[in-house]
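Working notes, structure below.
The values are calculated or read from the model by the stated rules, or taken from the named source; none is laboratory data. Nothing here was measured: the structure is a model prediction, and the numbers come from that model. Here Cβ is always computed from backbone atoms with ideal geometry, including for glycine, and neighbour counts include all displayed protein chains. These accessible areas exclude ligands, DNA and RNA; they are computed on the full protein's heavy atoms, side chains included. Shrake-Rupley method; radii C 1.70, N 1.55, O 1.52, S 1.80 Å.
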Amino acid sequence: MAKLYFRYGAMSSSKTAQAIMVKYNYGERGQKAILTKPSIDTRDGVHSVKSRCGLEDQCVLFDELPMEAIKRGEYNCVIVDEAQFLSRDQVMVLVDLVDNYGVPVICYGLRTDFQGNFFEGSHYLMAFADTIEEIKTICWCGRKAIMNARLDGKGGITKVGEQVVLGADDKYIGLCRKHWAEGKISKDG
């Protein structure tokens, strides 16, 4: 039975690396998986996803998904990177693929933004996913990082600004809730 999975984690928890590996594993078993991402994410190129550890693969933008081919069973799985950027309507398209066409969908993304608020895609994936799994990473202090902090460029963090500012380690850090609340990005600062 197909399921909708939402695998979420804080910044630097290996979400993209895991998405690439899942696609690779499907291919190793002679099955065809398609990797996609929302069109807002162009950091690594329009049709590319790249992890911090160096894994990279080609993808299609969500709006370019070959829906008829997926519905005909030409793909064994749909893998979505940066799923927090999906809209409610896009999440419902994924629900339809799972429920009415039997295609497993595995989504990877952030749960919350730098202010601790849900992204639209994450909100609806938390509501509709059959399986919700946390991908764990740690704060600088060794505790589990569950919050995403936006760096202010001056050695601290900020909690004001637009919800979406694309970036990676240059703009964000995963922190435990305590250090996110304190705005402390290292033991010295």
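Here are a few things to note about the model shown:
- Subset of the range 63-92 [over 16 Å from K23 (Cα atoms), surrounded by 15 or more Cβ atoms within 10 Å (Cβ to Cβ) and either acidic (D, E) or within 17 Å of the chain's Cα centre (by Cα) (or both)]: Q84, F85, L86, Q90, V91
Okay, residues lined up against (1) more than 26 Å from C176 (Cβ to Cβ); (2) open to solvent by 50 Å² or more (accessible area, probe 1.4 Å):
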| site | (1), (2) |
| --- | --- |
| K3 | yes, yes |
| Y8 | no, no |
| I20 | yes, no |
| Y24 | yes, yes |
| K32 | yes, yes |
| T36 | yes, no |
| I40 | yes, yes |
| D44 | yes, yes |
| K50 | yes, yes |
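- Count - residues of the range 141-176 that are at pLDDT 80 or above and either among the acidic types (D, E) or in contact with a helix residue (DSSP H, G or I) (Cβ under 7 Å, 6 or more places away or on another chain) (or both): 5
- Some residue of the range 117-134 being open to solvent by less than 50 Å² (accessible area, probe 1.4 Å), within 14 Å of the chain's Cα centre (by Cα), β-branched (V, I, T) and under 30 Å from Y26 (Cβ atoms): no
- Checking G153, G174 one by one, the residue that is open to solvent by 70 Å² or more (accessible area, probe 1.4 Å) and under 21 Å from R52 (Cβ atoms) is G153 and no other.
- Residues satisfying the stated conditions in the range 122-149, i.e. over 14 Å from W180 (Cα atoms) and in a loop (DSSP other than H, G, I, E, B): A129, D130, I135, K136, T137
- Any pair with Cβ under 7 angstrom, 6 or more apart, that starts in the range 178-189 at a residue that is open to solvent by 100 Å² or more (accessible area, probe 1.4 Å) and ends at one that is of a type outside the set (D, E, K, R) and not in a helix (DSSP H, G or I): K187/W140
Results for (1) within 20 Å of V105 (Cβ to Cβ); (2) of a type in the set (V, I, T), shown as yes or no for each residue.
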| site | (1), (2) |
| --- | --- |
| T42 | no, yes |
| S48 | no, no |
| E56 | no, no |
| L61 | yes, no |
| P66 | yes, no |
| A69 | yes, no |
| R72 | yes, no |
| N76 | yes, no |
